[in-house]
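This report concerns only the one structure given below.
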Amino acid sequence: MVTTRELRDRADDEPITMLTAYDAPTAAVIDDAGIDVILVGDSMGNAVLGHDSTLPVTLEEVQSRTAAVARATEDALVVADMPFLSFGVDEGDSIENAGRMLKEADADAVKIESGPHTVELTRRLTDLGIPVMAHLGLTPQHVNQLGGYQRQGTDPEAAERLLELARDHEEAGAFSLVLEHVPANLAAQVTEALEVPTIGIGAGGETDGQVLVITDVLGLDEWSPPFSKRYADLRGEMLSAVEAYKREVENGEFPADEHGHVEDAVDDVY
């Protein structure tokens, strides 16, 4: 079983692998493949719930899907994403919501889209025994404030703020840091400055690990971000399978005799 401490200790030895999952069957495959961390991301809003952003995702949706993922996972670290407005408004509510992910959904840790307002919350959660993965750079919950899904940390001032926030969250107890859609050279500087591991997405190859959204990896969407990579075309495979099913039902090929059974005792039932 991968632990938060193991991730911290391993960062300099071998890259950390992380993927998202939102259901038990997918989590089981990811776990069997030996992926280190499964993130039950609020990216489920775009990836599987049909929303245009992560903002509508609720605490209950993340909790339910985290529990499903945890039930199917034996070795990977399961991290639950804290959705929009489930943290940062009231400290007591934030702690309770994060605690529910561990206590009721069996997550191993929570991820928080971070900023100046989450430093003390990270410290408080860590003090209470709730491991925190911080997240800087492009933070999709702030899409309206950021003006879209734009690359972050692209000027010296913004880069310095990001580096300072990374250090602050490490000092507050975060066990790792996701860096999303930032320049590769900035991600490399942040990685060099921190003791805790960095996990990049659209942040180049000099971080301690990488994360991608599973629907992008499997090719389940018609579009994926430019910093992602498709390793399969499951959308095409699914379409072919469904079309074949439709065709066989319509022409009488399915169901065949082997897909059912006959009981002689019911021949005379009217």
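The values are calculated or read from the model by the stated rules, or taken from the named source; none is laboratory data. This structure is a prediction, so every number in the text was calculated from the model and none was measured. Cβ coordinates were reconstructed from backbone atoms using ideal geometry, including for glycine residues, and neighbour counts include every protein chain displayed. With ligands, DNA and RNA removed, areas are computed over all heavy atoms of the protein, side chains included. Shrake-Rupley method; radii C 1.70, N 1.55, O 1.52, S 1.80 Å.
Quick notes
- Remark: spin-label model distance GLU157-ALA24 equals 5.2 nm, labels positioned 7 Å along the Cα→Cβ axis.
- Packing rank of 250-259, 32-41, 46-55, 96-105, where each peptide gets the mean count of other beta carbons within 10 Å, highest leading: 32-41, 96-105, 46-55, 250-259
- Computed log₁₀ I(q)/I(0) - Debye formula, equal Cα scatterers, no solvent, the chain, q 0.14 Å⁻¹: -0.94
- Most mobile listed residue (GLU222, GLU206, GLU170) in the chain, GNM with C-alpha springs under 10 Å: GLU222
- Summed residue charge, Cβ within 13 Å of VAL132's Cβ, Lys/Arg positive, Asp/Glu negative: -4
- Measuring nothing but how far apart in sequence close Cα pairs (under 8 Å, 6+ apart) lie, relative to its length, the chain scores a relative contact order of 15 percent.
- Working from label points 7 Å from Cα in the Cα-to-Cβ sense, the GLU96 to GLU206 distance is 4.5 nm.
- At a probe radius of 1.4 angstrom, the accessible area of the chain per residue rounds to 52 square angstrom.
- Packing-based order for 228-240, 110-122, using average beta carbon neighbours within 10 Å, highest first: 110-122, 228-240
- Label-point separation in nm, VAL269 to SER240, each point 7 Å along Cα→Cβ: 4.0 nm
- Accessible area of the chain belonging to carbon and sulfur atoms, whole % at 1.4 Å probe: 49 percent
- Partners for LYS103 among lysines (Cα-Cα distance below 29 Å; same-chain residues under 8 apart left out): LYS111
- Environment charge of ARG100, counting only residues whose C-beta is closer than 12 Å and scoring Lys/Arg +1, Asp/Glu -1: -4
- Gained length - LEU49 relative to ASP221, 0.36 nm times residue gap less alpha-carbon distance: 60.7 nm
- A Förster distance of 51 Å, applied to the separation of the beta-carbon atoms of HIS261 and VAL89, puts the FRET efficiency at 0.30.
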